[in-house]
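Data block below; observations after.
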Amino acid sequence: LERNAARSWTARAAPSWPCGRCDAMNSFLRSLTTTQQIGALFLVVFGVLSLVTLWAFLRNLREVPDGDADAAATRKAAARRFRGLLQTSWAMATVFWVGWALGDTAATVLFALVAFFALREFITLSPTRRGDHRSLVLAFFVVLPLQFVLVGTRHFDLFTVFIPVYVFLALPVVSALANDPQRFLERSAKLQWGIMVCVYGMSHVPALLLLDFPGQEPGRGAFLVFYLVLVVQTCMVVQHLLGRRFPHLPVAPQVSQSFQWASWLAGVGVGGLVGGVLSFITPFKPGQALGMALLACVAGSLGHLVMKALKRDRGITSWGMQGQSVTGAGGLLDRVDALCFAAPVFFHSVRWYFGL
């Protein structure tokens, strides 16, 4: 009886086989260094992208019956949108992997280049005059590099106010000295908007890499960047796909046909849930991770709507005026505009909440 009782207690106390495997996997992942964990994360990301790309290639091999022109056109349009999504995902994953592999300094330079080309797209498709040339030179070759230098040297208090305060006041002065008052307010606002979105917003992404949390191993900022990008992109993709698949009355039809309250709430909710599930790669508890993800998704999705309004004002459908992605975007700025709005809100919320 004692032997049977001991055997029964052992059977109840021992974890089941799947739980034992999960515990072993969890212990193995926690035993890895930060560098090894980030490397494993990128292996998973690139593995998933490779499988999806292979599936899309095999799917495109299917032939459409002759004479079915409508089906062929629909299939071709869907394939083009999905190919744009894959291209965007590959590009973003590669950029973040290269930035992490080359170190914090190289990552900061890499995001500075992304900000440079995004600002170039913004300014190229906006009217300028000869009186703006000095301000443009100042924006591209002084303000932008100095902003990312402040990030790289961890002068967080200064880099957060450098553009909203000092540059906001300095650029109109430079334009006024050019002695060209025609449409002065519109020209100044356009340049300030471009710098705020493309330079100020993007500079907060490498700043996340440099945040150090008390009690956390240094170098885990890459997880935070991955977390932010994944939840925001999940929100945007879900919102767009649901808006196209189950169309409702658009909130602002002159700005966006895919922005509907139902699809927007679904996108924010799914993005928040993904953030809560990924709490184990962040310094957040599950509830904190959920709240931070919801905040980032709201900021990113509404910022994307604002950028669509700017494109409609300029009479264009894409900042790059090329191709089509899953969100109807073709340029670099189309792919990072939501991140440019979400990153500052996320960064300052994290610093305020954790007192960093």
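The values are calculated or read from the model by the stated rules, or taken from the named source; none is laboratory data. It should be emphasised that the depicted structure is a prediction, and the values quoted were computed from it without experimental measurement. Methodologically, a virtual Cβ is constructed for each residue, glycine included, from the backbone with ideal geometry; neighbour enumeration extends over all protein chains shown. Areas reflect the complete protein model, heavy atoms only, side chains present, ligands, DNA and RNA absent. Shrake-Rupley method; radii C 1.70, N 1.55, O 1.52, S 1.80 Å.
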note = The helices (runs of 4 or more DSSP H) lying entirely within segment 130-234 that contain at least 2 residues which are among the small types (Gly, Ala, Ser) are 168-177, 184-194, 202-209
ask   = Mind checking which pairs have a first residue in segment 260-279 that is among the aromatic types (Phe, Trp, Tyr) and a second that is in a helix (DSSP H, G or I), Cβ under 6 Å, 6 or more apart or different chains?
value = TRP264/GLN239
ask   = Checking LEU177 against (1) of a type in the set (A, V, I, L, M); (2) in contact (Cβ under 8 Å) with a residue 24 or more places away in the chain; (3) surrounded by 14 or more Cβ atoms within 10 Å (Cβ to Cβ), which single condition isn't satisfied?
value = (3)
query = Is it the case that VAL165 is buried (at least 17 other Cβ atoms within 10 Å of the Cβ) and not acidic (Asp, Glu)?
reply = no
ask   = Looking at LEU305, LEU294, LEU278, which is the one that is at pLDDT 90 or above, in contact with a helix residue (DSSP H, G or I) (Cβ under 6 Å, 6 or more places away or on another chain), in a helix (DSSP H, G or I) and open to solvent by 10 Å² or more (accessible area, probe 1.4 Å)?
value = LEU294
note = Log entry, pairs with first residue in segment 302-315 being more than 21 Å from CYS235 (Cα to Cα), second being surrounded by 14 or more Cβ atoms within 10 Å (Cβ to Cβ), beta carbons closer than 6 Å, six or more apart or on different chains, reads ARG312/VAL255; ARG314/LEU125
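Is segment 80-95 home to any residue that is closer than 22 Å to ARG220 by Cβ, modelled with pLDDT under 90, out of contact with any helix residue (DSSP H, G or I) (no Cβ under 6 Å at 6 or more places or on another chain) and not in a helix (DSSP H, G or I)? Walk me through how you get there before you give the answer.
Start the filter on segment 80-95 by keeping residues that are closer than 22 Å to ARG220 by Cβ, which leaves 92-95.
The next check asks that each one be modelled with pLDDT under 90; those that pass are 92-95.
Filter again for out of contact with any helix residue (DSSP H, G or I) (no Cβ under 6 Å at 6 or more places or on another chain), leaving 92, 94-95.
Among the residues that remain, those that are also not in a helix (DSSP H, G or I) are: none.
So far as segment 80-95 goes, no, none of its residues is closer than 22 Å to ARG220 by Cβ, modelled with pLDDT under 90, out of contact with any helix residue (DSSP H, G or I) (no Cβ under 6 Å at 6 or more places or on another chain) and not in a helix (DSSP H, G or I).
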query = VAL114 fails exactly one of the following numbered conditions: (1) among the β-branched types (Val, Ile, Thr); (2) buried (at least 19 other Cβ atoms within 10 Å of the Cβ); (3) modelled with pLDDT under 75. What is the number of that condition?
reply = (3)
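Take the residues of segment 243-262 that are under 20 Å from MET307 (Cα atoms) and in a helix (DSSP H, G or I): which is least open to solvent (accessible area, probe 1.4 Å)?
Residue satisfying both the conditions and the ranking: GLY243.
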query = So, in segment 117-129, of the ones that are of a type in the set (Ser, Thr, Tyr) and either part of a helix (DSSP H, G or I) or touching a Gly at 6+ places or on another chain (Cβ under 9 Å) (or both), which residue ends up modelled with the highest pLDDT?
reply = THR124
Filtered residues of segment 198-209 (kept if open to solvent by 10 Å² or more (accessible area, probe 1.4 Å) and modelled with pLDDT under 95) = LEU209
note = Those residues of segment 281-291 that are open to solvent by less than 50 Å² (accessible area, probe 1.4 Å) and more than 14 Å from PHE346 (Cβ to Cβ) come to a total of 1
key: Single residue of segment 34-69 satisfying the filter (at pLDDT 70 or above and over 21 Å from LEU230 (Cβ atoms)) that is most open to solvent (accessible area, probe 1.4 Å)   = PHE57
query = Of the residues in segment 180-197, how many are exposed (fewer than 15 other Cβ atoms within 10 Å of the Cβ), among the aliphatic types (A, V, I, L, M) and in contact with a Gly (Cβ under 9 Å, 6 or more places away or on another chain)?
reply = 0
inquiry  = Going by what's in this entry, would VAL238 be described as open to solvent by less than 10 Å² (accessible area, probe 1.4 Å) and of a type in the set (Val, Ile, Thr)?
reply    = no
